[in-house]
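Q: Would you mind keeping the following structure in view while I ask a few things?
The values are calculated or read from the model by the stated rules, or taken from the named source; none is laboratory data. Treat the numbers as computed from the prediction; the structure is a model and nothing was measured. Because the Cβ atoms are built from the backbone with ideal geometry, glycine has one as well, and the counts that use them run over all protein chains shown.
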Amino acid sequence: MAKNKKSEDPKQDKGSGTKLISMRIPKETISKLRKVAEKKGDMGYQQVIKSYINLGLIDELDDDLKAVQTALAKQQPGQASTVAIPQKQEPKAEPLQSPVKSPAKPKTAGAPKRNSLGELATSKVITEDIKELAKSLDGYYHLFAGKTFLITGAFGFLGRYMVFLLKYLNENVLSRKAKALLLDNFVTGYEQRVISDENLAFYRADVVKPFSTDEPIDYLIHAAGIASPVYYTKYPIETMDVGTLGTRNMLELARIKNVKSFLFTSSSEVYGDPDPKHVPTKEDYYGNVSILGPRSCYDESKRFGETMCMTYWKVFNVPVKMVRPFNVYGPGIRPDDYRVLPNFIEHALRKEPLPIHGEGKNTRSFCYINDALEALFKVLFSKANGEAFNIGNPAPEISVKDLGAMVAEFMPYKVDVVNIDPPHTVYASADPKRRCPDISKLTKVTGFKPRYPLEEGLVRTIKWFREFNF
């Protein structure tokens, strides 16, 4: 593990930063820009707008967006755009369940060189992380060797680190290579630079539909899901489907293939807004969850997913384990994920005030991605069938206000922290007041202990954001 450092970047004189302006853009324009952002694959539509205005990347726009770019460039702060967006027919989706390789990303003449989120494998920070993650699992190499994994959500935030780990082990450690079937449909993931080789096969597949293969499967990790509140309120049906129908399909596949272990990535959201008497929260806490609230599509689908796992364990003896991650963060997380840490870092690097929803008194504990993945694999390889485990780092439990101050302190220039009204009901009325895990069960069964303090994880995450010029 890297030494605990407060910052790896020398401090510079703190200035006043840049002026924050607001711009109102019609919904149909935002929708079009989102589609462009998805094709670019490296940042959200807010950054696309900023890039188009600041860099004039007109050649990257299709014809109907050129008018948008021109209007936005001339637009004054606070002025609403009236540009009409022609509607185009959506391209047909590629067939499911077929191994595919993503085409090379076209280069843009005249544009400054920058990395995209699809090129995560080129990241120095992530390369260091994967090497350290492999070391933390050195007692488990024999369980990887010659085995076949199936990973759903393979190119999401957690899934991509799993893929990087398998590739690293194959290239540097294992004489008998691990194989993997990597499933994703990119509802919220990035499609560029899909990893696929003779051992790691990518399948464009929606787990809501049954998946079949002639390949043997030793370990099945069901990591598909829509975890960001902004995205699961945008895609509530898809969120429920992947947590219920998708989980049922993967459990059935695990039963047919007689897997050695099945791991369901649930969520700390199964606890809802816990009673303070149950914080830090143990796995036997029943939860305080609203079945009709703005988060219920995610919370309840994860709870029902766990119920299905337990039922398959009791009825069919499928060796299930369930993990409940608590606020995992780190390199590779979407800058436009909208959850608190990437949102703070993204604003800070743009020299904009860090937005705190409300008073910022709600507390969280954060787990660096390497710690989360180490714990996840140790649970997968354990004999603790039919058990649920919290995955997280209990210390520190920190308020959102103090977290914002910490992120601002790591910047080499002055960054303000401001309080704003919550922009969405998922935060305004349903944001849990406290979220902190008790991981004593995880430690007892697997020996896991967190390696990355919050300060170190923040430094590494900020360093990664800077690598990609966000």
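Q: Give the residue, chosen from Arg160, Arg176, that is assigned to a helix (DSSP H, G or I), in contact with a Gly (Cβ under 8 Å, 6 or more places away or on another chain) and either in the same structural domain as Met322 (by TED's automatic domain parsing) or basic (Lys, Arg) (or both).
A: Arg160
Q: What number goes with the only condition from (1) surrounded by fewer than 19 Cβ atoms within 10 Å (Cβ to Cβ); (2) assigned to a loop (DSSP other than H, G, I, E, B) that Pro331 does not pass?
A: Every listed condition holds for Pro331 apart from (1).
Q: Across the range 292-333, what is the total count of residues that are within 26 Å of Tyr161 (Cα to Cα) and either among the acidic types (Asp, Glu) or free of Cβ contacts under 8 Å to residues at least 40 places away in the same chain (or both)?
A: Within the range 292-333, residues that are within 26 Å of Tyr161 (Cα to Cα) and either among the acidic types (Asp, Glu) or free of Cβ contacts under 8 Å to residues at least 40 places away in the same chain (or both) number 3.
Q: What's the total number of residues in the range 220-234 that are farther than 18 Å from Met308 by Cα, of a type outside the set (Gly, Ala, Ser) and surrounded by 16 or more Cβ atoms within 10 Å (Cβ to Cβ)?
A: Residues in the range 220-234 being farther than 18 Å from Met308 by Cα, of a type outside the set (Gly, Ala, Ser) and surrounded by 16 or more Cβ atoms within 10 Å (Cβ to Cβ): 6 in total.
Q: Quick one: which residue in Ala180, Ala205 is closer than 29 Å to Thr461 by Cα and either out of contact with any helix residue (DSSP H, G or I) (no Cβ under 8 Å at 6 or more places or on another chain) or not acidic (Asp, Glu) (or both)?
A: Values: Ala205 fails: closer than 29 Å to Thr461 by Cα.
Unique residue meeting the criteria: Ala180.
Q: Moving on to the next point. I need a count of the residues in the range 212-258 that are among the polar types (S, T, N, Q) and in a helix (DSSP H, G or I).
A: In the first step, residues of the range 212-258 are kept if they are among the polar types (S, T, N, Q); the result is 212-213, 228, 233, 239, 244, 247, 249, 258.
Cutting the leftovers down to in a helix (DSSP H, G or I) gives us 233, 239, 244, 247, 249.
So the answer is 5.
Q: What are the residues in the range 221-243 that are within 15 Å of Gly153 (Cα to Cα) and of a type in the set (S, T, N, Q), if any?
A: Matches in the range 221-243: Ser228, Thr239.
Q: Of all residues in the range 377-402, count the ones that are of a type outside the set (Phe, Trp, Tyr) and crowded, with 24+ Cβ neighbours inside 10 Å.
A: Result for the range 377-402: 4.
Q: Looking at (1) at pLDDT 90 or above; (2) farther than 21 Å from Tyr235 by Cβ, find the lone condition where Arg303 falls short.
A: Result: Arg303 passes all but (2).
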